[in-house]
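Right, one structure below, let's go through it.
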Amino acid sequence: MDTVSHGLWGSFVFGRKRRRSFLLAFFFGVAPDLFSFGPFFAGSLFGLFIRPPFSANPPPESAIPSFVHLLYRPTHSLIIFAAIFLIIYLVRGKPLWEMSAWVLHIVYDIPLHTEHFFPTPFLWPISSYTVDGWNWGNPWIFFPNITLLALLYAGLLVRRRRHVTRDI
Ligand SMILES: [Zn+2]
């Protein structure tokens, strides 16, 4: 799934109540891609890396630098998520529920990546097992996802506007 959709799903499910929660859940929703592909995309803007063309079909994995592959494992692992969630829980004395957007990102990625392009290493470092799913760039997945998100957010705006009018 595209990174922005990950963020919007995270905010919708875990950050609808308050603006701070919305932004925090959006951050955790995009974080796995931000901290794996982010440095590569940022570096390619400055000419540090050659960015292969991303179209409906992803480029070969070999066209992506090895550090992205390394960063992709911890950022897309449910085990690493659980460890960091626990640490933050212990430090704060209460869970940071907006972090769950990170789990949602991984759960969406598991069936939406093929084994040819960054299958989700959700059990890393215990197991290298991955699922050979579907490519999220496929129009049959991409457009229904965007449509569903647009409908959900439109519903949210309508409901919020009704609340505001009732409060006046
Ligand atoms: Zn991802």
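The values are calculated or read from the model by the stated rules, or taken from the named source; none is laboratory data. Quick caveat, the model's predicted, so the values are computed rather than measured. Because the Cβ atoms are built from the backbone with ideal geometry, glycine has one as well, and the counts that use them run over all protein chains shown.
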For this session: From the list Pro74, Pro39, Pro32, Pro58, pick out the single residue that is modelled with pLDDT of 95 or more, within 16 Å of the ligand (Cβ to nearest atom) and over 11 Å from the mean Cα position of the chain (by Cα).
Result: Pro74
Problem set entry | Positions within region 115-133 being surrounded by 13 or more Cβ atoms within 10 Å (Cβ to Cβ), free of Cβ contacts under 8 Å to residues at least 24 places away in the same chain and away from the ligand (no atom under 13 Å from the Cβ), in sequence order | Val131
Exercise. Is it true that some residue in region 135-142 is in contact with a helix residue (DSSP H, G or I) (Cβ under 8 Å, 6 or more places away or on another chain) and outside any helix (DSSP H, G or I)?
Worked result: yes
For this session: Please verify whether region 43-52 includes one or more residues that are part of a helix (DSSP H, G or I), in contact with a Gly (Cβ under 8 Å, 6 or more places away or on another chain) and either within 24 Å of Phe143 (Cα to Cα) or not acidic (Asp, Glu) (or both).
Result: no
Exercise. Can you name the residue in region 99-114 that is of a type outside the set (A, V, I, L, M) and farther than 9 Å from Gly29 by Cα and is also nearest to the ligand (Cβ to nearest atom) among such residues?
Worked result: Asp109
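One line per residue, one yes/no per condition, for (1) under 13 Å from the mean Cα position of the chain (by Cα); (2) closer than 20 Å to Ile79 by Cβ:
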residue: Trp102; (1), (2): yes, yes
residue: Tyr108; (1), (2): yes, yes
residue: Ser127; (1), (2): no, yes
residue: Asp132; (1), (2): no, no
residue: Gly137; (1), (2): no, no
residue: Phe143; (1), (2): no, no
residue: Thr147; (1), (2): no, no
residue: Ala150; (1), (2): no, no
residue: Arg162; (1), (2): no, no
Exercise. Residue check, Ala82 against (1) among the small types (Gly, Ala, Ser); (2) modelled with pLDDT of 95 or more; (3) in a loop (DSSP other than H, G, I, E, B), all met but one. Which one?
Worked result: (3)
